[in-house]
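The values are calculated or read from the model by the stated rules, or taken from the named source; none is laboratory data. Note that the coordinates shown come from a computational prediction; the quantities given were computed from them, not determined experimentally. Positions of Cβ are backbone-derived with ideal geometry, glycine not excepted, and every protein chain shown enters the neighbour counts.
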Amino acid sequence: MMNELLTHQRGLTRRHFFGRSAVGTGALAIVLPLISSVAAHGSCGFPYRSVPESGRDVVVVAEWTAVKEATDERHLDLTTFRILRITRSHKKFRLKTNDEIAVTSRVAGKKGQKFILSAREVQGELRWGPPWKFNEARSKYLTQAPSQAVTDRTRIEFFLTFLEHADARIAQDAFEEFELVIPYEAVVTSAQLLPAAKLRKAVFAENANQIRLSTYARMLGLCGNADDAKRLEKKILDVPDHFRLGVGGMIIAYLWLTGEKGLEVIEEKVIRNRKLKFGELYSAFRAVGFLWDHGQKRIQRKRLQKSMKLLLDRPIMFELAILRLAVMRDWSVQHRVMASYGKEPNEQPSDRRAMLRYLIASTKDRPKDKNAKLPQHVVKGLKYLKALEKRDPKTADQVRRFSF
C-alpha cells in the first residue's frame, strides 16, 4: 500500500504547476500517477534518456547511408548505417565491417558522414541507442565507458572524470549517469571520490546549468564543508521572482551538511513563509522526502515527520503532504483529517480523496500476526472511514474503485 501511495503521489506534482483546480476526477486522476519519475535518484531535473540505454556492449564507427520512410502507420522510419570499424565487440554478436545497421528513428545526415553507434544486449538482441556525430574524443569515451556489469564504484570513477567535459555531448552523457542510472547510495559510499572543487564551480557559478544543478548540489552535499553549507543557505533563501530549477537538490545538500539545525532554517524560512509559491514549497517537500528515503538517518525520522506535517498547513501542499505521511506511516493526524474533511481550505475533491487514501493506508498498517490486537491507529482509521463513507459516499467509492 505504501508503494502504491508513493507511486500515486509522484503523479500529482504536474497538476500543482497548473493550479489546484486543473485536474478533474475520474480517468485523469488515474493517469497522472502513471507519469514516469526518477524519484529513486531524487531527481529534480528532466530525464533525457531511459535507464536501459546506459552501458554499452558494442560500439562501432559507421557512415550514414539513408533514411527509409515508413510505408504505413504500423511502422517507424529507419536510418541505416554501414559499419566502418568496430571499437568494442561482444562475443555473442559477430558484427563485421560493411555490415548494415538500422536504427528506428530519422537521423539527419549525409552520405558518408561518420557517426558512432552503441548498443546494449537486451534479451539476446542488440538495442541500438541514439547515434552520436563522430569525433575521436566521443569514440574513445563510448568505447571505454564501463558496462553495467561492473561495480558502481568503477562506473563512478570513470564518469566523474567526464563531468563538465569540453565536449557537450560527453558532458551530458556523464551527467546522466549520475542523474538517472547510478544509485544515490552508491554515490554516498564513494563520497571520497567526488571532486568538491568542480562541483562547487558547477553549483555556485552565476551561469550554472539549471538542469544539472540539483544533481550536482546533492553530490556536493556529500563532500562539501561548512562554507558550502553557508553558500547553499544563501542561494536557497535568495528567491527570485521567477520559477527556478535545482532548489530541491540544494536543500538536500544543505540538510545533509547541517542536519537538524539546517532543517529548522528550512522550516522557518521556506515551509512557513507565506510569500513563497508552490515551486519553493515543493522543493522543500521533495528534500524532506528524500532524506527520509535516502538520508541514512542523517536526520531522525520523527523529526522529518514533523517537518512534513508543517506542510499540511499550506493548502497547495496538503494533498502531497498527507499522502507522504502515509508513506512515512505517521498516523498522528488521523483526527485532524476527520475534523477538517470537506472544510476550507481542504474542501477540494483532490484533498478529500487524499484524506481517504491516508485513512485506508492507516487501516492496512497492521501486525503480521493476525491474532495480535489491532493497533489504535487501525481502530481509529476504520471508525473514521466508516463515518466518511456515509458522509461522502461518491468520493469514497471513487477512491475504492481507483486504488492502485
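When the helices (runs of 4 or more DSSP H) confined to segment 149-234 are screened for residues that are in contact (Cβ under 8 Å) with a residue 60 or more places away in the chain, those reaching at least 3 such residues are found at 184-189, 210-223. Evaluating ARG366 against the criteria (1) modelled with pLDDT of 95 or more; (2) over 22 Å from PHE285 (Cα atoms); (3) under 30 Å from the mean Cα position of the chain (by Cα) leaves one unmet condition, (1).
If you go through segment 135-148 and keep only what is in contact (Cβ under 8 Å) with a residue 24 or more places away in the chain, farther than 20 Å from ALA186 by Cβ and either surrounded by fewer than 15 Cβ atoms within 10 Å (Cβ to Cβ) or among the hydrophobic types (A, V, I, L, M, F, W, C) (or both), you end up with ASN135, ALA137, LEU142.
Table: residues versus (1) modelled with pLDDT of 95 or more; (2) farther than 16 Å from ARG82 by Cβ.
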| site | (1), (2) |
| --- | --- |
| PHE93 | no, yes |
| LYS96 | no, no |
| VAL107 | no, no |
| GLY112 | no, no |
| TRP128 | no, no |
| ARG153 | yes, yes |
| PHE162 | yes, yes |
| HIS165 | yes, yes |
| ARG169 | yes, yes |
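Residues in segment 256-297 that are assigned to a helix (DSSP H, G or I) and of a type in the set (Gly, Ala, Ser): GLY262, GLY279, SER283, ALA284, ALA287, GLY289. Looking at segment 309-395, the helices (runs of 4 or more DSSP H) lying wholly inside it that each contain 1 or more residues that are touching a residue at least 60 places away in the same chain (Cβ under 8 Å) and among the charged types (D, E, K, R) sit at 318-327, 349-364. Mind listing just one residue for me: the one in segment 235-255 that is of a type in the set (Gly, Ala, Ser) and assigned to a helix (DSSP H, G or I) and, of those, farthest from the chain's Cα centre (by Cα)? Filtering segment 235-255 for residues that are of a type in the set (Gly, Ala, Ser) and assigned to a helix (DSSP H, G or I), the one farthest from the chain's Cα centre (by Cα) comes out as ALA253. Can you tell me which residue is farthest from the chain's Cα centre (by Cα) among those in segment 284-298 that are of a type in the set (Gly, Ala, Ser) and buried (at least 22 other Cβ atoms within 10 Å of the Cβ)? Across segment 284-298, the extreme among qualifying residues is ALA284. Among the conditions (1) free of Cβ contacts under 8 Å to residues at least 60 places away in the same chain; (2) buried (at least 21 other Cβ atoms within 10 Å of the Cβ), LYS306 misses just one, which is (2).
Of the strands (runs of 3 or more DSSP E) contained entirely in segment 51-106, those carrying at least 1 residues that are in contact with a helix residue (DSSP H, G or I) (Cβ under 9 Å, 6 or more places away or on another chain) fall at 58-68, 78-88.
For the structure I just gave you, tell me whether VAL59 is in contact (Cβ under 8 Å) with a residue 24 or more places away in the chain, under 30 Å from PRO183 (Cα atoms) and touching a Lys or Arg at 6+ places or on another chain (Cβ under 7 Å). When the stated conditions are applied, VAL59 passes them.
In segment 109-118, the condition of being surrounded by 17 or more Cβ atoms within 10 Å (Cβ to Cβ), farther than 30 Å from SER190 by Cα, free of Cβ contacts under 8 Å to residues at least 40 places away in the same chain and not acidic (Asp, Glu) is met by no residue. Each residue in segment 268-283 was checked for being closer than 15 Å to LYS234 by Cα and buried (at least 17 other Cβ atoms within 10 Å of the Cβ), and 2 of them qualify. For segment 313-324, a residue qualifies if it is of a type outside the set (Phe, Trp, Tyr) and buried (at least 19 other Cβ atoms within 10 Å of the Cβ), and the qualifying residues are ARG314, MET317, GLU319, LEU320, ALA321, ILE322, LEU323, ARG324.
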